[in-house]
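Structure record follows, encoded as structure tokens.
Since every read-out is calculated from the coordinates, none of them should be taken as a lab result. Because the structure is a prediction, the values reported are computed rather than measured. Note that we place each Cβ from the backbone using ideal geometry, even for glycine, and neighbour counts take in every protein chain shown.
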Amino acid sequence: MSQLNHEIAILGAGIGGLTTAIALCQRGFSQIKVYERQESSANAGAGLVLWPNATCILHHLGLDVEISKIGGRVLKMIRQSSDGELLGELSITDLEKAIGFSSYAVSRHELTQILLDKLKGLHIDINYSRNVENIYIDKDNQTCVEFSDEEKITPDIIIGADGRMKSIARKFVTGNNKPFYQHYVNWVGLIDGTPLDINQHKSVQDYWGVGERFGYVPISDTKSYWAGCKRLPLGLGEPSGGNKHELVSIFKSWSHPVREIIEATAEENIRRIEVFDNDPIQQWHLNNVCLLGDAAHAALPTSGQGACQAIEDAWHFAQCLSNHPNDLDLAFTNFEKLRYDKTKSITLGARGFAASLFNEDKTFCKIRNENAKKSDTKAQVTGMSQLWGNGLPEKELSKELVKYLFQIR
């Protein structure tokens with residue numbers, strides 16, 4: 001079978017699934033269908049930073065100019081204690097120089113819309129409200145995807161980009177898709193239309209408490225996103241007085257401008273997320289089903305790399321499949337080998353960082369903060385650039401991006 005004739009089903013229209021569809025189409029695969037369990041492209045996040053490793057991939061997919069138009073430039077990360085004591089500064093510009101691409105803070109909605117617009121131009125539709133109930137081998141020895149309305153499909157290739165919480169593809173491949181609760185809750189918020197003085201600093205603000213954390217990222221003069229996190233048991237549910245009221249209570253004694261940021265956010269723009277991840281697994285495929293993104297390697301938000309690694313997956317998966325279109329086992333195995341070590345390091349590193357951030361022992365946190373003040377931030381940036389920059393395509397700027405950057409200076 002020619003590589004152009006593979007029938008490919010992508011389960012999940014998150015960032016990983018959409019980017020994979022684009023990468024495959026640009027490699028010559030034309031029969032691609034994307035299936036999403038939700039009714040629309042709405043997502044549970046507020047914003048994210050596309051770090052240089054992700055923008056490198058987006059450049060190679062021809063999306064760099066669009067991303068630079070919606071994204072905010074961030075220059076450094078400032079770490080502080082909950083009472084405002086400086087713990088250290090990391091240079092994002094040094095990270096960018098080491099990897100060779102810029103970083104952009106973006107809203108998830110705007111990033112998703114860019115990917116959807118690109119797919120529309122490639123004539124790939126998203127099939128919404130398509131909830132996968134099961135994946136199994138049928139009587140004809142074909143891998144069958146069964147939806148909740150009992151419709152069944154048997155595509156040549158099934159890509160499991162169906163997330164960390166209920167990945168039917170992961171259950172098929174590994175026999176177990178149960179995620180692990182990591183004992184903290186993340187409230188995420190988006191501010192749109194409200195100017196804040198802190199936005200002008202173009203800095204990621206990271207505040208550390210005892211069993212709590214607050215992070216803030218400006219996108220533009222009037223747009224930003226944030227995350228407030230606290231160690232909590234599972235299953236408490238939504239607070240009766242609303243998320244905003246609870247957050248004001250949690251962070252009432254924290255230094256300026258944490259409370260101001262929460263107060264500037266509309267209640268409807270705040271979402272509460274109990275945070276789970278998955279243990280690293282070495283085998284991401286079985287038969288003609290292959291996992292990517294959170295279904296394969298769900299890292300905690302403390303990694304800062306969830307969406308970025310899904311974007312990297314998309315590029316490498318398309319490359320491996322185009323190299324071996326008629327030997328799926330070899331293509332999928334090569335993909336796993338390329339991606340396993342890097343994603344495992346990021347997943348386990350995020351767990352370790354979270355364990356430190358959400359420790360509830362005051363003495364431990366005091367020592368943690370003192371160690372942060374003494375740490376070599378340049379060495380940290382070097383370590384980040386070496387890990388995040390590993391395995392990327394060659395570094396070059398497109399003529400279109402050079403022209404655009406010249407025009408806006």
| said: Please enumerate, by chain and number, the lysines with C-alpha under 20 Å from the C-alpha of Lys178, excluding those fewer than 8 residues away in the same chain. | reply: Lys166, Lys344
| task | Using the structure shown, select from Lys76/Lys378; Lys230/Lys252; Lys33/Lys118; Lys202/Lys373; Lys33/Lys152 the pairs with a Cα to Cα distance greater than 18 angstrom. | result | Lys202/Lys373
| task | Count the net charge of all other residues whose Cβ sits under 10 Å from the Cβ of Gly211, scoring Lys and Arg as +1 and Asp and Glu as -1. | result | +1
| remark: For the chain, using Cα atoms only, the Rg and Dmax in Å read 21.2, 65
| query | Whole-Hz Karplus ³J(HN,Hα) for the range 145-160, in order, using 6.51 cos²θ - 1.76 cosθ + 1.60 and θ = phi - 60°, x for Gly and Pro? | reply | 9, 10, 8, 5, 8, 6, 5, 10, 10, 10, x, 5, 9, 10, 9, x
| What list of ³J(HN,Hα) values in whole Hz, one per residue of the range 321-335 in order, does the Karplus curve 6.51 cos²θ - 1.76 cosθ + 1.60 (θ = phi - 60°) give from phi, with Gly and Pro shown as x? | 5, 6, 6, 9, x, 9, 9, 4, 4, 5, 4, 5, 5, 4, 4
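Can you bin the range 115-155 into rounded, prolate or oblate? Criterion: square roots of the alpha carbon gyration tensor eigenvalues sorted a ≥ b ≥ c, rounded for a/c under 1.5, prolate for a/b above b/c, oblate for the rest. Could you put the intermediate results ahead of the total?
On the way: a/c = 3.96, a/b = 2.10, b/c = 1.89.
It is prolate, given that a/c is not under 1.5 and a/b is the larger ratio.
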| field | Cα shape, the range 78-118, gyration tensor, a/c 1.5 rule | value | oblate
| message | I'd like to compare 197-207, 211-221: which one has the highest average count of other Cβ atoms within 10 Å, and what's the full order after that? | response | 211-221, 197-207
| field | Point-to-point label distance, Ile137-Leu330, nm (Cα→Cβ direction, 7 Å offset) | value | 2.3 nm
| Relative pair counts by distance (%), Cα atoms of the range 315-367, 10 Å bins | 22, 28, 19, 15, 12, 4
| query | Non-local amide H neighbours of Asn359 (under 5 Å, H modeled in plane, Pro and chain starts lacking H): which ones? | reply | Gly211
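Mind running the shape call on the range 100-187? Use the C-alpha gyration tensor, a ≥ b ≥ c as the square roots of the eigenvalues: rounded below 1.5 for a/c, prolate if a/b tops b/c, oblate otherwise. Numbers along the way, then the final one.
Details: a/c = 2.27, a/b = 1.33, b/c = 1.70.
In terms of gyration-tensor shape, oblate.
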| query | Counting each DSSP H run of 4 or more residues in the chain as -39500 (n - 2.57), what helix-only mean residue ellipticity at 222 nm follows after dividing by all residues, to the nearest 500 deg cm²/dmol? | reply | -12000 deg cm²/dmol
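Reported to two decimal places, what Rg/Rh ratio describes the range 227-334 when computed on Cα atoms with Rh from the Kirkwood expression?
Numbers: Rg = 20.2 Å, Rh = 17.3 Å.
Taking Rh as the inverse mean 1/r over Cα pairs, Rg/Rh reads 1.17.
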| Karplus (6.51, -1.76, 1.60) ³J(HN,Hα), θ = phi - 60°, over the range 29-38, in Hz, Gly and Pro reported as x | 7, 10, 9, 10, 10, 10, 10, 10, 6, 6
| said: Calculate the FRET efficiency for Asp117 and Gln38 from the Cβ-Cβ distance with a Förster distance of 22 Å, rounded to the nearest 0.05. | reply: 0.75
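For the chain, what is the relative contact order in percent, using Cα pairs closer than 8 Å and at least 6 residues apart in sequence?
Values: 807 pairs, mean separation 90.9, N = 409.
It comes to 22 percent, rounded to a whole number.
List the chymotrypsin sites (Phe, Trp or Tyr not before Pro) in the range 71-158 that DSSP assigns to loop (not H, G, I, E or B) and whose Cβ has at most 15 other Cβ atoms within 10 Å. Which are they?
On the way: sites: Phe101, Tyr104, Tyr128, Tyr136, Phe147; in loops: Phe101, Tyr128.
Counting only loop positions with at most 15 other Cβ atoms within 10 Å, the chymotrypsin sites (Phe, Trp or Tyr not before Pro) in the range 71-158 are Tyr128.
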| said: Let me check I've understood the local charge: for Lys362, count other residues with C-beta under 14 angstrom from its C-beta, Lys and Arg +1, Asp and Glu -1. What total comes out? | reply: -2
